[in-house]
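Asker: Here it is, the structure, as structure tokens.
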Amino acid sequence: MSDHDVTRPKEIGRNIPPIAISETSTLVNPTGSWKYIMPRYEDRVAPCNAGCPVGIDIEGYMYLISQGRVKEAANLLVRENPMPAVTGRVCHHPCEHSCNRASLDEPVAIHSVERRLGDMILAAPPIPAPERTRRETVAVVGSGPAGLACAHFLARLGYGVSVFEAASEAGGMLRLGIPEYRLPRAILDRQIERIAGAGIEIRTSTRIGVDIPWSDLDVFDAVFVAPGAHTGKDSRIAGAEGNEAVRPGLEFLKEVNAGARPDLGSRVIVVGGGNTAMDCARSALRLGADVTVLYRRTPREMPAIPLEVREARDEGVGFEFLAAPMAVVMEDGRFTGITCQRMELGEPDESGRRRPVPIEGDVFFAPADTVLTAIGEDCDLSFLPESVRTKWGLIEVDPVGESTSTPVFAGGDAVDMPRSVADALGAGKRAAIGIDHYLHEKAGEAVGELPLGALRFGDGNVSAVRYLEDGDPIPREAPVNEVVTWDRMNPHHFHLAPRHEDHFHDATDLRAAFGETNFGLSEKEAIEEAERCLNCGVCNRCELCLIFCPDMAISRREDGGFEIDMRYCKGCGLCAAECPRGAVTMTREGI
Amino acid sequence: MKKVMIGNHAVSWGVLRSRVEVISAYPITPQTQIVEALSDMVADGSLPAQYIKVESEHSAMAACIGASIAGTRTFTATSAQGLALMHEMLHWAAGGRLPVVMADVNRAMAPGWTIWTDQNDSLSQRDTGWIQLYCETNQEVFDTTVQAFKLAEAVNLPVMLVLDAFFLSHTSEPVDVTEQEDVDRFLPRREATFKMDTSDPHAFGALVRPDAYTEMRWHQQEAMREAREVFREVEDEWEAITGRRYGAVEAYRADDADLLLVTSGTITSTARHVVDQRRAAGEKLGLVKVKMFRPFPTDELRGLLGGVNRVAVLDRNVSPGRGGIFAEEIRAALYDVPPDDRPILFGYVLGLGGRDVTPAVINDIIDNTRSKASPEREDLWVGVEL
């Protein structure tokens, strides 16, 4: 019999570790050799950025807010948009219409965040005026959003800028057309002061072609023309001509916005369905009148910002849809109202909206003391030399606003583009870049082609930060100029969070009240709202790639970004699949 | 601090007090309230832990395994089909020598679809290498939860604490929740024996050849052996702090008894009541409660049951084709008792799928055990054949 007891483990057995752990380090097992595709961090463009006519890095400032870097966020915003306190209030925010978050729950209330940042910027001391680095000077005709934006960016590019304004105060349609309850004058004044404070000369009460001739602008190296559209279209109401009771709505708005309180009588009809019509209706309401908006189509076709329509309705404005004004009615030489034609919707017209068609014989009488017409405005371009070609009453321009007559550039409502504050600001920015490029070329400085495509957010407007190369506060990882759509995102890591809605005034009593009606969001609410941003297409350091990498091949870099140890990345693609925002791409390149 | 709480929340409180660092679980009745309360605690910050949501129990245990390898204190809870789905991962936790703690709320296995209690879910996992501790009261549930971490981490084995569905899980009782500082003294932060270290990476659970596998299992068995003694020490320490101890096996009025009932879980409380009543009438009747099923308390049971005339084992479970599982294990344990000391053992199968085990049922069992010279067969089905 053996002296060895088979039931007792031998010494060697006792030395086996109690768990199955490799004796050697697994560092020597480079699983990276297995891969045939590999991940790459590539930051893309959020749809809000591409959807913003101004060209604002919305996603960028939302990210900075979420990191507690609110001041930097405000700075990034104002570098792309010189008047965020204005646009935060009056912009129709197409950014929110393109927001991917709508597919998850509700779009981010971008305008509310912008407004809060804009007010913060106005409350803070102004940044130092840019240095004059260029000897050339540029004239800007018109001090509306297009003109002021162009002047602002030209000043930042180092030029001397003079702005010529026909009215007694700067602001263009912002001051003349938009009522105080939407845009308080104190905000507008301070915003314009900020822009002018950066070394821009603004000559008010100087209408080109009247106060000074166009030829006076010859001393400038370039001219940006942004006169706006101020002539109300003909109402085509029979008997309206010369009748004081039927007035262009814009004229009425200019009066009210200048501080006058005209007597419109007790019943007012506003003709039109756009923002001017809403502004007229709500202003007339504040003067004590009962107001009815007459629109020839239905609510669906109204071009006005839906929120404006809702506010008007809440405040008590009445609506008469599918009705068009026909003729003035006089009794004993006194204006008593208008006859109106009932309409129905027919086939779609060139704008895609269904065309209103009269219903034969269906005519009704609408009593009124005043009729305000707001059916669109035309431009007065009579001051321009013939070499500046126009088409359908609008100045013809190329993508950076250059007209057919060098060195005249144009933008805003006087060119063929959507008539909005944001579009005007965007046109001003593009033209400033176009003018800068032109003046460099003219000075014989080698500049090459203007890389307009690369300056744009996707197919949206240009970025001043990109053009000026004056430092993006967020390091972008291998940026690709491609908009990230919802189908590129992985929604499974997002939490539902309700949108913060603006706080509004009590709409039940507002007679003669021109105070602001929308109070926006508190700072805390605005920050929470910014945190709802999904940072589409851009790495926001959420770490999911690092967490999900089964090979622990991903690690943090010192700058906060990530790096992939390709010796161990086996190309499984989990990081790209899990990335909630489409900022990781799998590629064959480099293998 | 005394609080009235359901058994499920006694588990949650035990986990809170144990400062668990990672919880991963998938909801299943009757367990869900355990992890619901824990997710609230994690959400409101009172328990600074990671709560990992997963799509199945298999993944829940996988997440616990990963977190445990990383050196954290981990917890999960489940019942019935959920536990069955974890089966493979239970081996990974035990074979990986990871001190994961899991609460299993005993629920009968489907089909027929059921949510009520019996022990077949946990007993089906008998051979996965998990320590199993069965509880009788909510206080015991709280105490055992905290003890489970101490025991698991001392011997590097996972621990399953087991409580009856509804009779404990959803029934409120007063529970003395031990103060945090006392628990901290008893249960310091986990110091992992084997830990994944990214600066010195190793493969865990990798291939083991035939020349080493047996030794690994031997180590596991040694740890199980050690767990019996460690559990005694854990209870000593806990008793010094709280004044409470339960024992791997508890003898209740067993001295001089000629008939001993053997129970586990909540049937024990009912049986105590019957023992008290019949003792008052002069009957030499006692009770043995089995708390620890793995490692099996063979020596304690031999000591208590050897020399007694009759033993009635009440099994809320069945191994089809054999009989009640506790009865079978005890029969095997008593084989080495000298023949003259071997009791006559009656194995009763009862209370399956949540059927109530009332004092009347237990009285019938006692009467039956006393009236027969020997059991007619290994498995006596209460309420069906009896």
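The values are calculated or read from the model by the stated rules, or taken from the named source; none is laboratory data. Quick caveat: nothing in here was measured; it's all calculated off a predicted structure. Backbone-built Cβ (ideal geometry, glycine too); neighbour counts: all protein chains shown. With ligands, DNA and RNA removed, areas are computed over all heavy atoms of the protein, side chains included. Shrake-Rupley method; radii C 1.70, N 1.55, O 1.52, S 1.80 Å.
Asker: Can you pull the percent of Cα pairs in segment A:374-437 with separation above 14 Å? Each step should come with its number before you reach the end.
Answerer: On the way: 1101 of 2016 pairs.
Beyond 14 Å sits 55 percent of the P(r) for segment A:374-437.
Asker: Sticking with this structure for a sec: Checking an interface number: how much accessible area is buried between A and B, summed over both chains, with a 1.4 Å probe, in Å² rounded to 100?
Answerer: The contact between B and A buries close to 1600 Å².
Asker: In addition: Have a look at A:V462, A:V447, A:I474 and report the one farthest towards the positive end of the charge dipole of segment A:425-503, computed about the Cα centre with Cβ charges (Lys/Arg +1, Asp/Glu -1).
Answerer: Checking the options against the dipole of segment A:425-503, the answer is A:V462.
Asker: Which order do you get for B:W92, B:W218, A:W34, B:W238 if you rank them by accessible area with a 1.4 Å probe, largest at the top?
Answerer: Working: B:W92 120, B:W218 60, A:W34 155, B:W238 0 Å².
My answer, sorted largest first, is A:W34, B:W92, B:W218, B:W238.
Asker: Got a sec? Charge dipole of the protein assembly as shown, +1 on Cβ for Lys and Arg, -1 for Asp and Glu; which of A:G273, B:T145, A:A196 is way out at the positive end?
Answerer: Going by the Cα projections, it comes out as B:T145.
Asker: What's the average, rounded to a whole number, of partner chain beta-carbon atoms within 10 Å of each residue's beta-carbon in B:94-101? Write out the running numbers ahead of the final one.
Answerer: Numbers: counts 0, 3, 4, 5, 1, 0, 0, 0.
Rounded to a whole number, the mean comes out at 2.
Asker: Can you give the Rg to Rh ratio for segment B:1-133, taking only C-alpha atoms and Rh from Kirkwood? Spell out each step's value before the answer.
Answerer: Details: Rg = 14.1 Å, Rh = 14.8 Å.
In segment B:1-133, Rg relative to Rh is 0.95.
Asker: Residues in segment B:120-138, backbone N under 14 Å from the label point at B:H87 (7 Å along the Cα-to-beta-carbon vector): list them, ranges by number please.
Answerer: Of the residues in segment B:120-138, B:120-129 have backbone N under 14 Å from the label point off B:H87.
Asker: To continue, here is another question. Relative to the compact-globule scaling 2.2 N^0.38 Å, provide the ratio for the alpha-carbon radius of gyration of segment B:266-386. Show your work: numbers first, answer last.
Answerer: Values: Rg = 13.8 Å, N = 121, 2.2 N^0.38 = 13.6 Å.
With N residues counted in segment B:266-386, Rg over 2.2 N^0.38 Å equals 1.01.
Asker: Hey, another quick one. Under the √(5λ) rule applied to the eigenvalues of the Cα gyration tensor, what semi-axes describe the equivalent ellipsoid of segment A:457-538? Give them in Å, descending. All intermediate terms of the calculation are to be shown ahead of the outcome.
Answerer: Working: eigenvalues 243, 82, 32 Å².
The equivalent ellipsoid of segment A:457-538 has semi-axes of 35, 20, 13 Å.
Asker: Same structure, new question: Cα centroid distance between segment A:551-591 and segment A:58-89, in Å?
Answerer: For segment A:551-591 versus segment A:58-89, the Cα centre distance is 30 Å.
Asker: Sticking with this one: Over segment A:154-261, what per residue volume does the convex hull of the Cα atoms give, in whole Å³?
Answerer: On the way: hull volume 14.7 nm³, N = 108.
Per-residue hull volume (Cα only) is 137 Å³.
Asker: Now a separate question. Need the list of lysines near A:K254 for cross-linking: C-alpha distance under 20 angstrom, and skip anything on the same chain fewer than eight residues off.
Answerer: Here the lysines satisfying the reach criterion relative to A:K254 are A:K233.
Asker: In a shell of Cβ-Cβ distance under 14 Å around A:G337, excluding A:G337 itself, what net charge do Lys and Arg (+1) and Asp and Glu (-1) give?
Answerer: Numbers: positive: A:R267, A:R334; negative: A:D290, A:E320, A:E331, A:D332, A:D369.
With Lys, Arg at +1 and Asp, Glu at -1, the neighbours total -3.
Asker: Evaluate E = 1/(1 + (r/R0)^6) for A:R69 and B:D200, where r is the Cβ-Cβ distance and R0 equals 56 Å; express this FRET efficiency to the nearest 0.05.
Answerer: Working: r = 37 Å, r/R0 = 0.67.
So the FRET efficiency works out to roughly 0.90.
Asker: Would you look at the GNM of chain B, springs on alpha carbons closer than 10 Å, and say which of B:G286, B:G95, B:G112 moves the most?
Answerer: In this elastic network of chain B, the residue with the biggest mean-square fluctuation among B:G286, B:G95, B:G112 is B:G112.
Asker: Now a separate question. Using the Cα gyration tensor of segment B:88-168, with a ≥ b ≥ c the square roots of its eigenvalues, what is the shape: rounded (a/c below 1.5), prolate (a/b larger than b/c) or oblate (neither)? Mind dumping the intermediate values first?
Answerer: Working: a/c = 3.12, a/b = 1.29, b/c = 2.42.
Oblate.
Asker: Can you pull the Kirkwood radius for the protein assembly as shown, inverse mean 1/r over Cα pairs, to one decimal in Å? Write out the running numbers ahead of the final one.
Answerer: Working: mean 1/r = 0.0286 Å⁻¹.
Mean inverse Cα-Cα distance, inverted, gives 35.0 Å.
Asker: Oh, and also: With +1 on each Lys and Arg Cβ and -1 on each Asp and Glu Cβ, and nothing else charged, work out how big the dipole of segment A:401-542 is about its Cα centre, in Debye to the nearest 20.
Answerer: Working: 13 positive and 25 negative charges, 44 e Å.
With Lys and Arg at +1 and Asp and Glu at -1, about 220 debye.
Asker: Relative to the first principal axis of the alpha-carbon coordinates of chain A, what is the inclination of helix A:306-315, with its axis defined by its Cα atoms, in degrees from 0 to 90 and to the nearest 10?
Answerer: 60 degrees
Asker: With springs only between Cα atoms under 10 Å, which of B:T263, B:T198, B:T117 fluctuates most in a Gaussian network model of chain B?
Answerer: B:T198
Asker: Going by Cα centres, segment B:165-200 and segment A:381-427 are how many Å apart?
Answerer: After rounding, the separation between the Cα centres reads 74 Å.
Asker: Further, regarding this structure: For chain A, what is the mean residue ellipticity at 222 nm derived from helices alone (per DSSP H run of n ≥ 4: -39500 (n - 2.57); sum divided by total residues; nearest 500 deg cm²/dmol)?
Answerer: Values: 19 runs with 163 residues, N = 591.
Dividing the helical sum by the residues of chain A leaves -7500 deg cm²/dmol.
Asker: Further, regarding this structure: Nothing charged except the Cβ atoms of Lys and Arg (+1) and of Asp and Glu (-1): what's the magnitude of the dipole of segment A:487-580 about its Cα centre? Round to the nearest 20 debye. Could you put the intermediate results ahead of the total?
Answerer: Numbers: 10 positive and 18 negative charges, 104 e Å.
Charge dipole of segment A:487-580: 500 debye, to the nearest 20.
Asker: Moving to a separate point now. Rank-order B:241-249, A:445-453, B:96-104, A:207-215 by packing density, defined as the average count of other C-beta atoms within 10 Å over each peptide's residues, highest first.
Answerer: Details: B:241-249: 16.6, A:445-453: 11.0, B:96-104: 26.9, A:207-215: 13.8.
Descending packing order for the listed peptides: B:96-104, B:241-249, A:207-215, A:445-453.
Asker: Quick check: from the Cα gyration tensor, does segment A:129-184 come out rounded (a/c under 1.5), prolate or oblate? Could you put the intermediate results ahead of the total?
Answerer: Working: a/c = 3.59, a/b = 2.19, b/c = 1.64.
Prolate.
Asker: Roughly how big is chain A's charge dipole about its Cα centre, with Cβ charges of +1 (Lys, Arg) and -1 (Asp, Glu), in debye to the nearest 20? Before the final figure, lay out the partial values.
Answerer: On the way: 63 positive and 89 negative charges, 173 e Å.
Magnitude of the dipole: close to 840 debye.
Asker: Once you average over the residues of B:199-210, how many Cβ atoms of partner chains fall within 10 Å of each Cβ?
Answerer: On the way: counts 2, 3, 8, 7, 8, 5, 4, 6, 2, 5, 0, 0.
Taking all residues of B:199-210 together, the mean is 4.
Asker: With unit charges on the beta carbon (Lys/Arg positive, Asp/Glu negative), name the residue among B:I241, B:S269, B:T193 whose Cα is farthest towards the positive pole of the charge dipole of segment B:130-275.
Answerer: Farthest towards the positive end: B:T193.
Asker: Over segment A:46-149, how many percent of alpha carbon pairs lie in each 10 Å bin up to the one with the longest distance?
Answerer: Percent of pairs per bin, in order: 14, 43, 30, 11, 2, 0.
Asker: Calculate the length of the line joining the C-alpha centroid of segment B:201-238 to that of segment B:1-63, in whole Å.
Answerer: Distance between centres, Cα-based: 26 Å.
Asker: What is the average number of partner chain Cβ atoms found within 10 Å of a Cβ in B:214-223?
Answerer: Working: counts 3, 9, 6, 1, 5, 7, 2, 0, 3, 1.
The per-residue average across the peptide is 4.
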